[in-house]
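The structure under discussion appears below in the form of structure tokens.
The values are calculated or read from the model by the stated rules, or taken from the named source; none is laboratory data. Nothing here was measured: the structure is a model prediction, and the numbers come from that model. Virtual Cβ from ideal backbone geometry, glycine too; neighbours counted across all protein chains shown. Note: accessible area is taken over every heavy atom of the protein model, side chains too, but ligands, DNA and RNA are not part of it. Shrake-Rupley method; radii C 1.70, N 1.55, O 1.52, S 1.80 Å.
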Amino acid sequence: MKNKAVNAYKKAQKFAEVTKTLIIKGNILRAKKCLAVAENLMITGSTETKSIISNVYVYSVSSFMELHNCSIANLFPKSLREEYLKQVNASGV
């Protein structure tokens with residue numbers, strides 16, 4: 001079971017890397033599709049899946065977007081944006 005969880009975290013990180021690469025290349029439509037998939041996982045996934053999307057995907061993509069001054073509000077779907085805001089508020093930034 002532990003190996004399965006590690007693989008899920010690695011897949012979420014790889015998915016975040018793909019999304020970030022699409023943003024860098026200016027392929028915003030495909031990046032939005034990736035964000036929509038993550039949004040769907042956030043809404044319909046198991047508790048473990050939601051946690052992985054939140055802790056790996058949202059954190060990685062939002063950190064990258066902030067670093068590159070991208071507008072999160074325009075790209076993130078509702079659930080991902082809410083999760084991002086929770087992370088920001090919890091960090092005290």
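With a 1.4 Å probe and all protein chains left in place, how much accessible area per residue does the chain have, in Å²?
Values: 5990 Å² over 93 residues.
Result: 64 Å² per residue.
Given the stretch 29-78, report the % of alpha carbon pairs whose separation exceeds 17 Å. Don't jump to the answer; show the numbers that get you there.
Numbers: 382 of 1225 pairs.
Result for the distance tail: 31 percent.
Applying the Karplus parametrisation 6.51 cos²θ - 1.76 cosθ + 1.60 with θ = phi - 60° to the phi angles of the stretch 83-88, what ³J(HN,Hα) value in whole Hz is obtained for each residue in order, glycine and proline being reported as x?
So the Karplus estimates, Gly and Pro as x, are 5, 4, 4, 4, 5, 5 Hz.
Taking the stretch 6-93, which trypsin sites (Lys or Arg not before Pro) meet the DSSP loop condition and have no more than 10 other C-beta atoms within 10 Å? Intermediate results must be reported in sequence, preceding the final value.
Working: sites: Lys10, Lys11, Lys14, Lys20, Lys25, Arg30, Lys32, Lys33, Lys50, Lys78, Arg81, Lys86; in loops: Lys25.
Passing both the DSSP loop test and the Cβ count: Lys25.
By how many nm would the segment from Ala90 to Thr21 lengthen if fully extended, with 0.36 nm per residue of separation less the alpha-carbon distance?
Using 0.36 nm per residue and subtracting the Cα-Cα distance, I get 22.1 nm.
Helix 2-24 versus the longest principal axis of the chain: what is the Cα-based angle in degrees, 0 to 90, to the nearest 10?
Here the helix axis deviates by roughly 10 degrees.
With every protein chain in place, what's the accessible area of Glu66 (1.4 Å probe, Å², nearest 10)?
90
Explain nothing, just compute: Karplus ³J(HN,Hα) = 6.51 cos²θ - 1.76 cosθ + 1.60, θ = phi - 60°, for every residue of the stretch 50-58 in order, whole Hz, x for Gly and Pro.
4, 5, 5, 4, 5, 6, 10, 5, 4
Which whole-angstrom value gives the distance between the alpha carbon centres of the stretch 14-30 and the stretch 37-92?
So the two Cα centres are separated by 15 Å.
Compute the acute angle (0 to 90°) between the alpha-carbon long axis of helix 28-44 and the principal axis of greatest extent of the alpha-carbon atoms of the chain; round to the nearest 10°.
Taking the Cα atoms of the chain, the angle to 28-44 is about 40 degrees.
In nm, what is the difference between 0.36 nm times the number of residues separating Thr44 and Phe64 and their Cα-Cα distance?
On the way: separation 20, 0.36 × 20 = 7.20 nm, distance 2.52 nm.
Full extension from Thr44 to Phe64 adds 4.7 nm.
From the backbone phi of the stretch 61-76, what are the Karplus-calculated ³J(HN,Hα) couplings (6.51 cos²θ - 1.76 cosθ + 1.60, θ = phi - 60°) in whole Hz, Gly and Pro given as x?
Coupling constants for the stretch 61-76: 5, 5, 4, 4, 5, 5, 4, 9, 6, 8, 7, 5, 4, 7, 9, 6 Hz.
Can you pull the percent of the chain's accessible area that's carbon plus sulfur, 1.4 Å probe, other chains left in place?
Values: 3430 of 5990 Å².
Result for the chain: 57 percent of the exposed heavy-atom area is carbon or sulfur.
Can you compute the modelled spin-label distance between Lys10 and Val37, with each label point 7 Å from Cα toward Cβ, in nm?
Between Lys10 and Val37, the simple spin-label model gives 1.8 nm.
What are the semi-axes of the equivalent ellipsoid of the chain, taken as the square roots of 5 times the eigenvalues of the Cα gyration tensor, listed largest first and rounded to whole Å?
Details: eigenvalues 80, 50, 31 Å².
Over the Cα atoms of the chain, the semi-axes work out to 20, 16, 12 Å.
Can you tell me the dipole magnitude for the chain around its Cα centre, using point charges on the Cβ only (Lys, Arg +1; Asp, Glu -1), in Debye to the nearest 20? Walk me through the numbers before you get to the answer.
Values: 14 positive and 6 negative charges, 69 e Å.
Result for the chain is approximately 340 debye, rounded to the nearest 20.
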